[in-house]
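Below you'll find the structure, written out as structure tokens, and then a few comments.
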Amino acid sequence: MRRYLVIVMAVLLFLTGCWDEKQFKNVKLVLSLGFDQGEEGQIIQTVSIPTVSRSSEGAGSESLQVLSTSASTPLQARNKIDRMISESYDPSKVKVVILGQDLAEKNIYPILDDMYRNSRSNLNAYLAVVEEGTAKDVISMNHSGATRISNYVGGLLEAAISSTHATGENLQLLCAELLEPGIDFSVPMLKIEDDGSLLTFSGMGLFHDKAYTGEKIDAEQTTLYMLLQGVKGRDAHLTEKIDDNKEEEILDYVTVEVSQNDRKMNIKNEDGEISVSINLDMKVKIVEYPSDHLYVKGRVEEIGKKLSETLTEDSVDIIAQLQGANSDVFGIGRRVKAYHPDTWKKLDWKEEYPEISIKPTVKVEVIQHGIIN
């Protein structure tokens, strides 16, 4: 009997509660968080908080509370919002952090500092920038479909990631790129349309030295932009114009699905002169080709060759845009620092990066063209 008592007492030691436990009934969970530039150097913080009302019969109902305030720092704004709600402000379930463009064009690290220092912050949250509007407009918008704006924005970003339009980096992954020299990053851009009832993914905003440059890779180019970074989601479709002599415009285009992609980047250092070559090899399936006649001998190979030429030209345009914005999203500087430290010490990378030679080459092989010829 005494032996059993000892066992029971030992088991009870593992059943004790967590020392830092917090009951959901005692907190208000913030699911979406937005920051805008305010007046006189202040910032405007906007949050959405869901409240579920229980019902004695059937399912309960949910309402959303949107609160906004201005302050000198994000933590001060949070404390002011905490005084507006019935329970404690809790950021542990934030899904999306949205920045207004005016604020994003400044150093964004001070805005995120509190989230990185707070152990209860959700660093899996996505970061996005809204153009031609404010973060408050997004969080307060009257949208159709999903009840919660956090679900709407989060779902929109996850769809962009899945279709190879966005990298999928969260706050935790962005932290290293914010703080480390020699690498920049890009974040999804959002645009409000249809009088505030619709939100669209409009491209990837280019950042340099912790600030949005005001330049972006348009949504139509983001799939190739992701592939050049070596990033591929579940699906990757490219629609390109490969002819210019058909009677109907639609017959000049082909759409392919990328099955495999292999991106290699080589950096050469010749007497302190940095040059870069990016080789992207892709195996694709033709999923749409209105012109047809793929049974003609050599036609499939010709399409692959034209796609290679067209995508290489598009890649040159993308890289020119990156260098024009001085945004080293490929992390070329990081590699120079790692493999050529002596050269790195002599370089002013901010001045050097826009001038270096970056040569992309895209090679496309068509491996499948559907069930009809």
Do we find a residue being over 19 Å from GLN368 (Cα atoms) and surrounded by 17 or more Cβ atoms within 10 Å (Cβ to Cβ) anywhere in region 251-265? yes
Could you say whether any residue in region 200-208 is touching a residue at least 24 places away in the same chain (Cβ under 8 Å), surrounded by 17 or more Cβ atoms within 10 Å (Cβ to Cβ) and more than 13 Å from the chain's Cα centre (by Cα)? yes
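So, in region 61-119, exactly how many residues are part of a loop (DSSP other than H, G, I, E, B), more than 23 Å from GLN172 (Cβ to Cβ) and touching a residue at least 40 places away in the same chain (Cβ under 8 Å)?
The total comes to 4.
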For region 133-178: of the residues being aliphatic (A, V, I, L, M), at pLDDT below 90 and out of contact with any Ser or Thr (no Cβ under 6 Å at 6 or more places or on another chain), which is surrounded by the most Cβ atoms within 10 Å (Cβ to Cβ)? MET141
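Quick one: in region 180-231, of everything that is assigned to a helix (DSSP H, G or I) and among the hydrophobic types (A, V, I, L, M, F, W, C), which residue is farthest from ASN261 (Cα to Cα)?
Filtering region 180-231 for residues that are assigned to a helix (DSSP H, G or I) and among the hydrophobic types (A, V, I, L, M, F, W, C), the one farthest from ASN261 (Cα to Cα) comes out as ALA219.
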Here are some conditions: (1) buried (at least 17 other Cβ atoms within 10 Å of the Cβ); (2) over 27 Å from the mean Cα position of the chain (by Cα). GLY331 meets all but one. Which one does it not meet? (2)
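How many residues does region 332-352 contain that are under 13 Å from SER275 (Cβ atoms), of a type outside the set (Asp, Glu) and not in a loop (DSSP other than H, G, I, E, B)?
Number of matching residues: 4.
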Pick from VAL329, VAL316: which is hydrophobic (A, V, I, L, M, F, W, C), in a helix (DSSP H, G or I) and within 15 Å of ILE217 (Cα to Cα)? VAL316
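Does region 78-89 contain any residue that is at pLDDT below 85 and surrounded by fewer than 15 Cβ atoms within 10 Å (Cβ to Cβ)?
Of region 78-89, the ones at pLDDT below 85 are 85-89.
Still in the list and also surrounded by fewer than 15 Cβ atoms within 10 Å (Cβ to Cβ): 86, 88.
So far as region 78-89 goes, yes, one or more of its residues are at pLDDT below 85 and surrounded by fewer than 15 Cβ atoms within 10 Å (Cβ to Cβ).
Which of the residues that make up region 259-272 are touching a residue at least 40 places away in the same chain (Cβ under 8 Å) and of a type outside the set (Gly, Ala, Ser)? Can you show your working first?
Step one: of region 259-272, the residues touching a residue at least 40 places away in the same chain (Cβ under 8 Å) are 259, 265, 267, 269, 272.
Correct list: MET265, ILE267, ASN269.
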Any pair with Cβ under 9 angstrom, 6 or more apart, that starts in region 29-49 at a residue that is in contact (Cβ under 8 Å) with a residue 60 or more places away in the chain and more than 26 Å from SER92 (Cβ to Cβ) and ends at one that is in a strand (DSSP E or B) and of a type outside the set (S, T, N, Q): GLN37/ILE43; GLN37/ILE44; GLN37/GLY100
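The values are calculated or read from the model by the stated rules, or taken from the named source; none is laboratory data. It should be emphasised that the depicted structure is a prediction, and the values quoted were computed from it without experimental measurement. Note that each Cβ is placed from the backbone with ideal geometry, even for glycine, and that neighbours are counted across all protein chains shown.
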